[in-house]
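Undergrad: One structure coming up, written as structure tokens, with questions to follow.
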Amino acid sequence: MKLLIITSLKEYLPQVSTLLRKAKIPIYSVSRTTGMRSQDDDSLLEDWFGNHSGEFDSIFVFSFTEDAPVAEALTLVDNYNMDNNTGFPLRAFVLPV
């Protein structure tokens, strides 16, 4: 049994759900969180507008599942990130339980 965890912007929940369905992981939980980006950027031109606060509405998606679906989900996440260069890739990792 493994614990699969995927983090992303909350706007990407439909894409994450599709990936999990393709990996045959039908049951998962979603937890909303605030992602933080710590940038030490001294350039006023790069941080002139207030919307660059470094805080992002994010989600944790997690599921307890078997090895084969986890491996498929990790492959699908990698493929998604290669095909969609959004600047906010999906992050996935696995913990043994």
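Values in this text are rule-based calculations from the coordinates and carry no lab data. This is a predicted model, so every value here is computed, not measured.
Undergrad: What's the extension gain from residue 82 to residue 5 if we count 0.36 nm per residue and subtract their Cα-Cα distance?
TA: Between residue 82 and residue 5, full extension yields 25.8 nm more.
Undergrad: Could you calculate the contour length gain from residue 62 to residue 33, that is, 0.36 nm times the residue separation minus the distance between their Cα atoms, to one decimal place in nm? Could the numbers behind the result be given before it?
TA: Numbers: separation 29, 0.36 × 29 = 10.44 nm, distance 1.31 nm.
Full extension from residue 62 to residue 33 adds 9.1 nm.
Undergrad: HN-Hα J couplings of region 85-97 from phi, Karplus 6.51/-1.76/1.60, θ = phi - 60°, integer Hz, Gly and Pro as x?
TA: Result, ordered by residue: 8, 8, x, 10, x, 6, 10, 9, 8, 10, 10, x, 10 Hz.
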